[in-house]
Amino acid sequence: DTNNTSKEADGISSVIPGWFSEISPMWPGEAHSLKVEKVLFQGKSDYQNVMVFQSSTYGKVLVLDGVIQLTERDECAYQEMITHLPLCSIPNPKKVLVIGGGDGGVLREVSRHSSVEQIDICEIDKMVVDVSKQYFPDVAVGYDDPRVKLHIGDGVAFLKAVPEGTYDAIIVDSSDPIGPAQELFEKPFFESVAKALRPGGVVCTQAESIWLHMHIIEDIVANCRQIFKGSVNYAWTTVPTYPSGMIGFMLCSTEGPLVDFKHPVNPIDKDESCCKSKRPLKFYNSEIHSAAFCLPSFAKKVIESK
Ligand code: SAM
């Protein structure tokens, strides 16, 4: 029956009754599971299946096409790192672009930076924005900042139309490269990112897991080394509810003033104004910033060889 079919598309399968199991060809042979207290929302947008459920131990959970995007308990480990790794690596970021990130969590983090004057976001799926505003107010709070301008559309097309040298920083908070985010992992997209950045500008993109996706990472690193003539570095963070419990980021800068990602020059944890009207940072600090670039030997070998 149709109800069962749509539930299965959302990952509420019969593997363990009453549990959400994250089954995907992106991580064959394993499936992290969370106990479901209650399904709060199920819908189908033009791009993907969207679901929200109340879990018993991680708070509310946002799921797109059966893949966990965020949970209330551990979203800080992702949103704070994908944002502050790039923004704390350059002095006085002013213009910032977010691609994806419709939940608003990255916006919340960007808005801690008082130097920032303009925050553009291009999210393809309005349903993600609406659902986040309804079910994740502590994440979607990012939209309340008057510097934020929301564009609903494809990030690839949006970037192509950006005048050269516009942004100080671009943050690509995308879903996995199956579905609408596929092009966000391809070479032409990175080329438009580089063009849209000012000299010495920085990009941080979601770059998958060293345990599961070394082949994807190898391609991203190889492309970025060709395209970005400044620094190219891989960093990572722990996120218990992401497959393999961690996720990586690709940090690159364009030719111009040299960016040393491993040594933040714009340390936000010393700046009290960043947390006056917001909750304090839960995960990010300057020590973890530098530590995020230390890689396990097997990953270091592959990434440095590219
Ligand atoms: N911020 C989240 C977290 O805490 O882990 C992670 C993922 S965020 C919800 C990923 C977003 O990228 C989704 O809302 C998806 O709709 C969006 N997206 C995917 N492909 C896109 C594209 N081509 N252009 C713009 N947004 C895209």
Exercise for review: Starting from the Cα of residue 270, step 7 Å along the direction of its Cβ; do the same at residue 16; then give the gap between the two resulting points in nm.
Suggested key: 4.6
Study note, to complete from the structure: Checked the range 71-174 against the a/c 1.5 cut and the a/b vs b/c comparison, axes a ≥ b ≥ c from its Cα gyration tensor; verdict oblate
Review point. Cα convex hull of the chain: mean projected area in nm², to one decimal?
Key: 14.7
Check your understanding: Once the principal axes of the Cα atoms of the range 118-257 are found, what is the range along each, listed largest first in whole angstroms?
Key -> 41, 38, 25
Practice item. Assign unit charges at the C-beta atoms only (+1 for Lys and Arg, -1 for Asp and Glu), then state the dipole size of the range 193-306 relative to its Cα centre in Debye, rounded to the nearest 20. Key: 180
Check your understanding: For residue 126 and residue 211, what is the calculated FRET efficiency with R₀ set at 35 Å and r taken between the beta-carbons, to the nearest 0.05?
Key -> 0.55
Study note, to complete from the structure: Burial-style ranking of 17-30, 213-226, 183-196, average other-beta-carbon count within 10 Å with highest first, yields 183-196, 213-226, 17-30
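May I ask what percent, to the nearest 5, of DSSP beta bridges between residues of the chain are antiparallel?
Antiparallel bridges: around 60 percent, rounded to the nearest 5.
Taking every pair of distinct Cα atoms and averaging 1/r, then inverting, what Kirkwood hydrodynamic radius in Å comes out for the range 101-157? Please report the intermediate quantities before stating the final value.
On the way: mean 1/r = 0.0884 Å⁻¹.
Taking every pair of different Cα atoms in the range 101-157, averaging 1/r and inverting gives 11.3 Å.
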**Study point:** For q = 0.14, 0.15, 0.16, 0.17 Å⁻¹, Debye-computed log10 I/I(0) when each Cα of the range 1-145 counts as one equal scatterer
**Key:** -0.69, -0.78, -0.86, -0.95
Practice item. Just grab the label-to-label distance for residue 260 and residue 277, each label 7 Å out from Cα along the Cβ direction, in nm (one decimal). Key: 3.5
Practice item. Could you give the C-alpha radius of gyration of the range 145-214 expressed as a fraction of 2.2 N^0.38 Å, taking N as the number of residues it contains? Key: 1.17
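Read-outs throughout are calculated quantities, based only on the coordinates presented, and are distinct from any laboratory measurement. These figures come from a predicted structure and were not determined experimentally. Here Cβ is always computed from backbone atoms with ideal geometry, including for glycine, and neighbour counts include all displayed protein chains.
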